[in-house]
Amino acid sequence: MKNSIFVFLKQTHMENSVSGFSKFTKAEKIDWLIANHFQNNPKAKADLERYWNTDEVLQKLHDEFTENTISNFYLPFGVAPNFLINDKMYVIPMTIEESSVVAAASNAAKFWMERGGFKAEVLSTTKVGQVHFMFHGAFSELEALFKTIKPQLFEETKAITKNMEARGGGILDIALMDKTEKLSGYYQLHTTFETKDAMGANFINSCLEQIATTFKSCSKDIQVVMSILSNYVPDCLVRAEVSCKVDALATNTYTGQEFADTFLQAVRIAEIEPYRAVTHNKGIMNGVDSVVLATGNDFRAVEAGVHAYAARSGSYSSLTHASIEDGAFKFWIELPLALGTVGGLTGLHPLVKTALELLGKPSAKELMEIVAVAGLAQNFAALKSLTTTGIQQGHMKMHLLNILNQFEANATEKIHLIEHFKTHTVTHSAVVEAIENLRA
């Protein structure tokens with residue numbers, strides 16, 4: 001009985017497998033998917049095809065961004081105006097599907113524009129790559145070999161680094177790191193880089209592979225495991241901050257001191273409580289990721305590096321901090337960001353080009369500052385809501401349209417219901433009830 005079940009399952013799996021899928025045309029890929037995974041449902045095929053770009057040249061460009069492309073997945077491309085950063089006005093592009101993010105960033109931008117704006121500076125731009133290798137001989141022998149071979153490691157990467165060096169970048173240093181306390185025989189060639197306006201992943205990895213080739217050729221006892229850049233960039237750091245007199249924080253409900261004191265406690269809770277810190281930092285990354293994505297950068301790498309930085313003390317903590325001193329309120333953030341404004345999608349994706357043009361064609365350093373400010377603004381808006389009206393009031397107002405669209409409300413129904421919920425609490429059940437009552 002068991003054998004017959006196994007044979008049946010194996011046959012079922014084999015029926016749903018495919019060979020040479022990547023060599024199919026896009027139409028053939030879709031036909032295979034529809035036949036084998038959508039029960040020949042014509043709506044599934046229509047949904048995939050309706051998101052194709054009617055511009056064939058543009059669609060071909062999108063098709064070639066990745067493997068096995070069958071359609072496009074669109075996200076809203078929004079803008080947040082009124083950002084005053086280092087005394088310069090910006091409209092910041094944000095690519096994100098979460099309804100309240102752009103509105104919150106815009107509100108924070110306007111709030112701080114009236115109080116002197118944001119200040120930002122890049123503290124350092126060093127990036128890291130490592131050659132990971134094993135060696136089981138005496139460390140003194142390895143150290144002597146490294147000192148001898150180090151100039152050659154630089155020399156044999158010259159063909160790769162030539163253009164980067166012409167722009168002021170290149171390999172900064174190569175250091176031998178002993179990691180044998182954590183893993184027997186494990187060492188690194190810890191290499192630091194300056195990549196100027198490029199994010200530099202391909203450049204760094206090419207250099208590392210050449211370094212590894214040269215290094216292992218000098219000793220049969222060296223076993224290279226891998227050569228790869230690190231997305232943890234604690235020395236590629238940017239700081240952004242806002243400040244004003246405490247009295248300038250006053251609202252219709254709170255004095256400036258009451259607002260500042262409560263805000264400060266909210267930040268301190270995120271500094272010491274990991275459960276809160278994760279959600280606190282997620283809000284920061286709403287702002288950060290949306291700008292990183294809009295400008296064609298790698299938001300997954302940024303996320304990984306930022307969260308590692310948030311845990312660098314051994315406990316996960318807030319990325320933002322606040323203080324009240326001598327009647328002045330200050331709120332700031334420090335983020336590790338490896339970004340680029342040349343290379344990758346920046347020269348290929350039309351909307352990425354548009355986003356960078358909207359920002360005034362910034363350098364990588366300027367983009368680091370803008371992204372850090374977006375994260376700080378988002379966090380300020382979230383904490384302001386949390387410590388005053390509560391997060392749901394604004395969030396659910398923004399979410400109202402999503403719920404109405406989900407129930408296919410027409411234009412007249414939307415006008416009526418948006419007006420209705422100006423004076424009623426927005427919840428999913430309340431919106432559903434209101435739609436049903438209106439239609440009844």
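The values are calculated or read from the model by the stated rules, or taken from the named source; none is laboratory data. Bear in mind that the values here come from a model prediction, so they are computed numbers and not experimental data. Virtual Cβ from ideal backbone geometry, glycine too; neighbours counted across all protein chains shown.
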Scanning the range 132-178 residue by residue, the ones that are of a type in the set (Gly, Ala, Ser) and surrounded by 17 or more Cβ atoms within 10 Å (Cβ to Cβ) total 2
Hey, among the residues in the range 381-431 that are within 28 Å of Ala270 (Cα to Cα) and basic (Lys, Arg), which one's modelled with the highest pLDDT? Lys384
Which residue is surrounded by the fewest Cβ atoms within 10 Å (Cβ to Cβ), if the candidates are limited to the range 102-131 and must be polar (S, T, N, Q) and out of contact with any His (no Cβ under 9 Å at 6 or more places or on another chain)? Ser124
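For the condition in the same structural domain as Thr195 (by TED's automatic domain parsing), among the β-branched types (Val, Ile, Thr), under 22 Å from Ile222 (Cβ atoms) and touching a Lys or Arg at 6+ places or on another chain (Cβ under 9 Å), what is the one hit in Ile174, Ile149?
Details: Ile149 fails: touching a Lys or Arg at 6+ places or on another chain (Cβ under 9 Å).
Every option except Ile174 fails the conditions.
Within the range 94-191, considering only strands (runs of 3 or more DSSP E) that don't extend past its boundaries, which have at least 3 residues that are farther than 30 Å from Lys353 by Cα? Show your work before the answer.
On the way: elements: 119-125, 127-134, 170-178.
Counting at least 3 such residues, we get 127-134, 170-178.
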Here are some conditions: (1) at positive phi; (2) of a type outside the set (S, T, N, Q); (3) surrounded by 13 or more Cβ atoms within 10 Å (Cβ to Cβ). Leu351 meets all but one. Which one does it not meet? (1)
Look at the range 232-259 and say how many of its residues are touching a helix residue (DSSP H, G or I) at 6+ places or on another chain (Cβ under 7 Å), crowded, with 16+ Cβ neighbours inside 10 Å and in a loop (DSSP other than H, G, I, E, B). 2
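Determine which member of the set Arg312, Arg276, Arg268 is surrounded by fewer than 21 Cβ atoms within 10 Å (Cβ to Cβ), modelled with pLDDT of 95 or more and within 30 Å of Gly340 (Cα to Cα). Please lay out each step first, then the result.
Details: Arg276 fails: within 30 Å of Gly340 (Cα to Cα); Arg268 fails: within 30 Å of Gly340 (Cα to Cα).
Being surrounded by fewer than 21 Cβ atoms within 10 Å (Cβ to Cβ), modelled with pLDDT of 95 or more and within 30 Å of Gly340 (Cα to Cα) holds for just one of Arg312, Arg276, Arg268, which is Arg312.
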So which of Glu366, Glu334, Glu357 ends up being in a strand (DSSP E or B) and either more than 20 Å from Glu303 (Cβ to Cβ) or assigned by TED's automatic domain parsing to the domain that holds Cys244 (or both)? Glu334
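If I ask for residues that are touching a residue at least 40 places away in the same chain (Cβ under 8 Å), surrounded by 13 or more Cβ atoms within 10 Å (Cβ to Cβ) and not in a helix (DSSP H, G or I), which ones from the range 27-70 would you list? Let's see the steps before the verdict.
We begin by selecting, within the range 27-70, every residue touching a residue at least 40 places away in the same chain (Cβ under 8 Å); these are 29-30, 58, 61, 65, 67-70.
If we keep only those that are surrounded by 13 or more Cβ atoms within 10 Å (Cβ to Cβ) as well, we get 29-30, 58, 61, 69-70.
Thr69, Ile70 - these are the residues of the range 27-70 that are touching a residue at least 40 places away in the same chain (Cβ under 8 Å), surrounded by 13 or more Cβ atoms within 10 Å (Cβ to Cβ) and not in a helix (DSSP H, G or I).
Assess whether Thr320 counts as being surrounded by 14 or more Cβ atoms within 10 Å (Cβ to Cβ), of a type in the set (Ser, Thr, Tyr), in the same structural domain as Gly375 (by TED's automatic domain parsing) and at pLDDT below 95.
The answer is no for Thr320.
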List the number of the failed condition for Gly305; all other conditions in (1) assigned to a helix (DSSP H, G or I); (2) more than 26 Å from Gly129 (Cβ to Cβ); (3) touching a Pro at 6+ places or on another chain (Cβ under 9 Å); (4) not charged (D, E, K, R) hold. (2)
Could you run through the range 71-87 and say how many residues are free of Cβ contacts under 8 Å to residues at least 60 places away in the same chain, closer than 20 Å to Val352 by Cα and of a type outside the set (Gly, Ala, Ser)? 5
In the range 179-223, residue farthest from Val128 (Cα to Cα) [restricted to those that are among the aromatic types (Phe, Trp, Tyr) and in contact with a helix residue (DSSP H, G or I) (Cβ under 9 Å, 6 or more places away or on another chain)]: Phe215
Considering (1) out of contact with any Asp or Glu (no Cβ under 9 Å at 6 or more places or on another chain); (2) buried (at least 23 other Cβ atoms within 10 Å of the Cβ), say which one Ala338 fails and leave the rest. (1)
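Of all residues in the range 86-100, count the ones that are at pLDDT below 95 and touching a helix residue (DSSP H, G or I) at 6+ places or on another chain (Cβ under 7 Å). Give the steps one after another, and end with the answer.
So the first thing to find is which residues in the range 86-100 are at pLDDT below 95, and the list is 97-100.
After this cut, where a residue has to be touching a helix residue (DSSP H, G or I) at 6+ places or on another chain (Cβ under 7 Å) as well, the list is 98-100.
Qualifying residue count for the region: 3.
Please state which one of Ala201, Ala250 is closer than 30 Å to Ala381 by Cβ and of a type in the set (Gly, Ala, Ser). Break it down stepwise before answering.
Numbers: Ala201 fails: closer than 30 Å to Ala381 by Cβ.
None of the other options fit; the residue is Ala250.
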